[in-house]
Amino acid sequence: MHFEKKNILDMTSLSVDEITMILDTADSMKEISQRSVKKVPTLRGKTVVLFFYEPSTRTRTSFDIAAKRLSADSLSISASSSSMVKGETLIDTARNLEAMNPDVIVIRHSSAGAPHMLARMIRPSIINAGDGMHAHPTQSLLDLMTVRENKGEVNGLRIAIIGDISHSRVARSNCIGFTKMGAEVVIAGPQTMIPKGIETLGVSVALNVEDAICDADVIMMLRIQKERQKSFLFPSEREYARVYGLSNKRLESAKDEVLIMHPGPINRGVEITPEVADGPYSIILDQVTNGVAVRMALLYLVAGGTRNADTD
Ligand code: CP
């Protein structure tokens, strides 16, 4: 099977077969990171630009490591160190980067749709590393990989996503990704943080956290994204932790073999206690490890792998 996508923009535009191919490729890429010499020549001669307008630890680092493990040349640009601080527009910046002939541009931007706009206007492959509150497809793919690895398959599982759904591109991408792969997704959180019409993504909304987690195979906790909130949407962090946070006490009502996930960064003691984040059910650092494998797979598939030239 050829991978026909030139760009990775969101989970909506990936088919079940394409997601499965990405996850299978990531499974085989993972072994490279376990070798003593963690490098293969697969993308030698390719150039990957990491263009991050918002802060990132996991996504930027794992794309950088992924590119280097495949022998691509990678370089990183942030908004504060680019000529955008002098007033250059996003599209002018991207066209100037294009003139240097990179093969892939990985972009994180605060505006929803920025990666889609670049994909229409410039030649290199575009990978969305998070656009505003819209989408974070590579996070969803690494979450799918981590669940599939730990549970054997995604189909038929019940996934509870808890917290600030409204401001979370991870939640949106995972609602689409997990339902597409056959899981049942239930969400819960403060009413002020549940977007109207979220059910159109094929998910259900639980009345409270207990209802969401009691039958869940996987519980994914989300950070409150204060940087995207125009006003405070809950009384206090202490109150939030008490009503919506995941503690060992609250976990008593969950299944014995439940898995705990979080995309990071974690606000310890707010949406999740340290005991749960670091506890026996947590696969949070597995998510980070698999982030490298998924991003290696994506770079390989869009830049060097099986894609036919000139397809989109
Ligand atoms: N999960 C995630 O996107 O983390 P970073 O913001 O650190 O990249």
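The values are calculated or read from the model by the stated rules, or taken from the named source; none is laboratory data. These numbers were taken from a predicted model, which means no experiment stands behind them. Note: ideal-geometry Cβ built from the backbone for every residue, glycine included; neighbour counts use all protein chains shown. Side chains are part of the model used for accessible areas, which takes the heavy atoms of the whole protein and leaves out ligands, DNA and RNA. Shrake-Rupley method; radii C 1.70, N 1.55, O 1.52, S 1.80 Å.
Taking S71 as the residue in question, decide whether it is within 25 Å of G264 (Cα to Cα) and either out of contact with any helix residue (DSSP H, G or I) (no Cβ under 9 Å at 6 or more places or on another chain) or open to solvent by 10 Å² or more (accessible area, probe 1.4 Å) (or both). For S71, the condition - within 25 Å of G264 (Cα to Cα) and either out of contact with any helix residue (DSSP H, G or I) (no Cβ under 9 Å at 6 or more places or on another chain) or open to solvent by 10 Å² or more (accessible area, probe 1.4 Å) (or both) - is not met. Please work out if A297 is in the same structural domain as R58 (by TED's automatic domain parsing) and surrounded by 14 or more Cβ atoms within 10 Å (Cβ to Cβ). Spelling it out, A297 is indeed in the same structural domain as R58 (by TED's automatic domain parsing) and surrounded by 14 or more Cβ atoms within 10 Å (Cβ to Cβ). Would you check if there is a residue in region 74-85 being modelled with pLDDT of 95 or more, β-branched (V, I, T) and open to solvent by 50 Å² or more (accessible area, probe 1.4 Å)? For region 74-85, residues modelled with pLDDT of 95 or more, β-branched (V, I, T) and open to solvent by 50 Å² or more (accessible area, probe 1.4 Å): absent.
The set of residues in region 8-18 being outside any loop (DSSP other than H, G, I, E, B) and farther than 18 Å from G130 by Cβ consists of V16, D17, E18.
Evaluate region 25-33: report whether one residue or more is over 14 Å from L301 (Cα atoms) and within 19 Å of the chain's Cα centre (by Cα).
From region 25-33, those over 14 Å from L301 (Cα atoms) are 30-33; that's our starting set.
Narrowing further to those that are within 19 Å of the chain's Cα centre (by Cα): 30.
Within region 25-33 (the criterion being over 14 Å from L301 (Cα atoms) and within 19 Å of the chain's Cα centre (by Cα)), the answer is yes, since at least one residue qualifies.
From the list S173, S166, the lone residue that is of a type in the set (S, T, N, Q), part of a loop (DSSP other than H, G, I, E, B) and over 15 Å from V258 (Cα atoms) is S166. Answer yes or no as to whether D92 is open to solvent by less than 50 Å² (accessible area, probe 1.4 Å) and among the acidic types (D, E). In short, no.
Determine, yes or no, whether E239 is free of Cβ contacts under 8 Å to residues at least 40 places away in the same chain, charged (D, E, K, R) and crowded, with 17+ Cβ neighbours inside 10 Å. Considered against the rule, which asks whether it is free of Cβ contacts under 8 Å to residues at least 40 places away in the same chain, charged (D, E, K, R) and crowded, with 17+ Cβ neighbours inside 10 Å, E239 comes out as no.
For region 163-191, a tally of residues being within 20 Å of L14 (Cβ to Cβ) and acidic (D, E) returns 1. Checking each residue in region 253-282 for being within 16 Å of the ligand (Cβ to nearest atom) and on the phi > 0 side of the Ramachandran plot picks out only G264. Exactly one residue out of R108, R120 is among the basic types (K, R), more than 22 Å from I22 (Cβ to Cβ) and open to solvent by 10 Å² or more (accessible area, probe 1.4 Å), and it is R120.
Contact map, region 270-285: residues that are without any contact (Cβ under 8 Å) to a residue 60 or more places away in the chain paired with residues that are surrounded by 18 or more Cβ atoms within 10 Å (Cβ to Cβ) and aromatic (F, W, Y), Cβ distance under 7 Å, separation 6+ or inter-chain. Pairs shown: V270/Y240. Only one entry of I162, I176 meets the criterion of being β-branched (V, I, T), surrounded by 24 or more Cβ atoms within 10 Å (Cβ to Cβ) and touching a Leu at 6+ places or on another chain (Cβ under 9 Å), and that entry is I162.
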